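The values are calculated or read from the model by the stated rules, or taken from the named source; none is laboratory data. Predicted model, so just to flag it, every value in this text is computed and none were measured. Here the Cβ positions follow ideal geometry from the backbone for every residue, glycine too, while neighbour counts run over all protein chains shown. Ligands, DNA and RNA are stripped out before the accessible areas are found, and what is left, the full protein with its side chains, is counted by its heavy atoms. Shrake-Rupley method; radii C 1.70, N 1.55, O 1.52, S 1.80 Å.
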Amino acid sequence: MGFHELLTKNLRLLLYASLTLASIVLVGWGYVVWYLMPQLPSIERLKTTQLKTPMRIYSKDKLLIAEYGQERRIPVNADDMPDLLIKAVLAAEDDRFYQHFGVDVKSLVRAVVHLVKTGRKSQGASTITMQVARNFYLTPERSFKRKAIEILLALQIEQNLNKQEILELYLNKIFLGHRAYGIGAAAQVYYGKTVNELTLAQCAMLAGLPKAPSSNNPLSNPKRALERRNYILERMLELHYIEKPAYEQAVKEVSTAEKRNFFQSELQADYIAEMVRQFMVERYGRDNAYSQGYKVYTTINSDLQQTAQTALRQTLLDYDARHGYRGAVANESDKLPDLPKDLSPLDSTVLTALDEILAEHLPYGHLQPALVLAISDNKITAHHPKTGMIDILWPQMRWARPYISDTAMGRNPVRAQQIVKIGDVILVEKKWQKTKATEAEAADKGYKILWRLAQAPQIEGALVALNPKTGEIISLIGGFDFRRSKFNRVTQAERQVGSNFKPFVYSAALAHGFTPATLINDAPLVLPGGSSVWRPSNYSGKFSGPMRLREALKLSRNTVSVRIMDRLGVRKTVDYVTRFGFKREALPRNLTLSLGSVSLPPMQVVEGFSVFASGGYRLPAYFIQRVEDAQGQVIYQAEPLKICPPQTVPETADDGQKDESTPQTEPLDLPPAPAGCAPQVISQQNAWLMTSMLKDVIQSGTATRARKLNRTDLAGKTGTTNEERDAWFSGYNQYLVATAWVGFDQPRSLGDKETGGRTALPMWMDFMEKALADKPDEDIAMPDNVVTVRIDKKTGLLASASSRTVLDEHFEKGQEPTRYSPFYESYDYSSVSTTTEAGNGAPPQATPVKTLEQNLF
């Protein structure tokens, strides 16, 4: 073949090759322009992207309570990221980040050559910008098509965002293991630090995670993670990001990574947090609630929340101690390592074995597990996982009489060997010399720590407190330990209220013509009760004869409450008590309501008592002040009702007889309140008179224990149900109203004499003592239409010269007695019916030995 023919042939081949290459380029370009480009998502969305950020819940004073979200993330602005951290990431992932335009051609060509030579895809060609495109827009699928789309997206991203914006998106989006998304969360999860607190070695360790969050993880694979860290430090040195001395120091640094709590709660308020979570999910949907970075500010006062939790736990522990010790959590003597005679100090191998035993046993609230290692007559020596060796001295364990039943215990122990055995896992409680000191106070003043033998109480309780002027929930504790039981007893436990309900019946009586001085007969009562008869009796089983309304409420006389409701009528009583917010369908339609046979959650009870504390207004309780989005914009703001000038309140409805089956509105006959104002559901004078009477419950009635608070402005009522199954106390002043409840989740007797005044009142007292420490002891001002007159204590009529005992009593103006009490010696009440006096509404009359006008019911 001649030269020209050869040249022609080669030119022809070159032409064909060029045409083929051009065709391939054109087809590729067409594939990109007409097929791939239309599939690309909008880059504009990237500018306004919202990273999935957990919802955080705060107290009113901005302490962090809880966090909810599937991705742990703490967004960090690029300007706030330390320079060494950014350089470590660039050294590990993309050292030409500031030189390329989204695609590093040099790295891409190297990857293609590797593919041609080996037939295997390699890693390392993806720039940070390409990783942003992948993380925000694409699936984990590995294919040529996805890589092409990734490249195109990277080019578009570089055209729309600057380098700092791209870097910020990358460092906040990437997954770094152990549910940590973004560098801010990783710094917290692995080191418990903010990004600005990281050392050079720690920056390099975190920079090694994006490539392989599991295999390069310092917790899951510490050896490989350390190799990766040192490689990155070497790359930083090669790239002149760091100097030789800094490199040498960093590679010698021991890895300090350990799994830490990402979420560091500043306030324990788990039950209120769960209420907030449910509210947010219902309002915004689960996905949005957990991922949009909402900040929810509650009405909870952090100091009083802590006070309430301490009060509840101490009350339940005190109850539990009164009923005996049920024994150790477990005995692990078969797992104990060989122990030296001298237990202090123990070598690390023994300590590790002891900690492994205790790791199988969870704390209960603030009670911690400990392992008994030595016992003498008056001392228990145990290993505590955080403190090491602790001693429990005799005064802190002598309470532990053996539990037999809720009403019976064994003999008092006389030495520690009767209480525990070697190898027992017990629960212990840290106490101080000053028993009511907080941990901060104890540390500040150097109080001696006293370890107390404890046990997980079977009993449960609830405590909730409101601001009666606003309806804000100040504190809420739904049980001893949320981790063990998420059942919120404040809102979910519908329990019989017992005598805690009587004030609402007495308020109805005042609204229908009774006064605090009205005489009611405390005597045996027999009433029809279906197929049998009902004989209500007093807690003491004794009767005192005629007594004034004030005295009957103070002493919680059951027969008096029944007679009051019997006189008013079931219908009228039910109509009236719905004014306090109780649902009509929940109220029994019989006289047992007068003794609190209704079952209500503590939240409804405390809202009812807040009507008295507020001067007659019903303000719904609320627990969320506001909700902010991730940018700090308020998207929800509570609009609580306000107490406005006194409104006209019809105290009574229709005085005529009503058909019991006639439907009624709820609440009955109340005028609508002005816009934004709380409805006034009872008159100011009714509320004030009830407060006056309920003060006597504390000063000389069933709650005299509360006099230890040395305040005269407190009012309240005890409550105890049949067989002591539930114990209640609700009390208040003008600043605060709180309800405490104690009982078993599966109702059973609390035991003999475990009444509201003994079992629930101490919780309320411990809380109120601190809650009101800075509040003046001031009575609610007496309304203008309430008058004070001197009456005869025995008859309730105006005091006369012949009156043996007199006292000042308060009346709504126009209802005070007008007759003077005559001389009396004795009365014959045999003619007074034990049921209702029928007829014209006039009080039934007793027959005195000497003629006497009486106001006896």
On the basis of being at pLDDT 95 or above, outside any helix (DSSP H, G or I) and aromatic (Phe, Trp, Tyr), does Trp728 make the cut? yes
Where the second residue is assigned to a loop (DSSP other than H, G, I, E, B) and the first is β-branched (Val, Ile, Thr) and lies in the range 473-488, which pairs have Cβ atoms under 6 Å and are six or more apart or on separate chains? Ile473/Thr299; Ile473/Ala621; Ile473/Phe623; Ile474/Asn301; Ile474/Asn467
Which of the residues that make up the range 758-783 are farther than 18 Å from Lys695 by Cα, among the small types (Gly, Ala, Ser) and in contact (Cβ under 8 Å) with a residue 12 or more places away in the chain? Ala771
Looking at (1) farther than 20 Å from Gln314 by Cβ; (2) in contact with a strand residue (DSSP E or B) (Cβ under 6 Å, 6 or more places away or on another chain); (3) hydrophobic (A, V, I, L, M, F, W, C), which one does Leu362 not meet, given that it meets all the others? (2)
Being closer than 23 Å to Thr759 by Cα and either in contact with a His (Cβ under 9 Å, 6 or more places away or on another chain) or in a loop (DSSP other than H, G, I, E, B) (or both) is the filter here, so list the residues in the range 455-477 that pass it. Gln455, Ala456, Pro457, Gln458, Ile459
Could you go through the range 359-378 and let me know if any residue there is modelled with pLDDT under 95 and among the charged types (D, E, K, R). yes
Restricting the range 666-690 to residues that are modelled with pLDDT under 90 and more than 24 Å from Pro640 (Cβ to Cβ), which is least open to solvent (accessible area, probe 1.4 Å)? Leu668
(1) modelled with pLDDT of 90 or more; (2) open to solvent by 10 Å² or more (accessible area, probe 1.4 Å) all hold for Thr438 apart from (1)
Residue hits (the range 362-403; touching a residue at least 24 places away in the same chain (Cβ under 8 Å), open to solvent by 40 Å² or more (accessible area, probe 1.4 Å) and over 26 Å from Asp342 (Cβ atoms)) are Leu362, His366, Trp399, Arg401, Pro402, Tyr403
From the set of residues in the range 296-352 that are within 24 Å of Gln396 (Cα to Cα), among the acidic types (Asp, Glu) and in a loop (DSSP other than H, G, I, E, B), which is least open to solvent (accessible area, probe 1.4 Å)? Glu332
If Trp741 passes every condition in (1) touching a Pro at 6+ places or on another chain (Cβ under 8 Å); (2) open to solvent by less than 10 Å² (accessible area, probe 1.4 Å); (3) within 18 Å of Val611 (Cα to Cα) but one, which one does it miss? (3)
What about Val350, is it touching a Pro at 6+ places or on another chain (Cβ under 9 Å), more than 16 Å from Ala456 (Cβ to Cβ) and β-branched (Val, Ile, Thr)? yes
Within the range 576-624, restricting attention to residues that are open to solvent by less than 40 Å² (accessible area, probe 1.4 Å) and in a strand (DSSP E or B), which residue is nearest to Ala465 (Cα to Cα)? Ile624
Just to be sure I understand, how many residues within the range 517-538 are hydrophobic (A, V, I, L, M, F, W, C) and either part of a strand (DSSP E or B) or within 24 Å of Tyr820 (Cα to Cα) (or both)? 6
Would a scan of the range 479-502 turn up a residue that is open to solvent by 10 Å² or more (accessible area, probe 1.4 Å), part of a strand (DSSP E or B) and out of contact with any strand residue (DSSP E or B) (no Cβ under 8 Å at 6 or more places or on another chain)? no
Specify the residue that is nearest to the chain's Cα centre (by Cα); the eligible residues are those in the range 539-571 that are buried (at least 18 other Cβ atoms within 10 Å of the Cβ) and in a loop (DSSP other than H, G, I, E, B). Ser556
Check off (1) more than 15 Å from Arg72 (Cα to Cα); (2) of a type outside the set (D, E, K, R); (3) part of a loop (DSSP other than H, G, I, E, B); (4) open to solvent by less than 10 Å² (accessible area, probe 1.4 Å) for Ser215 and give me the number that stays unchecked. (4)
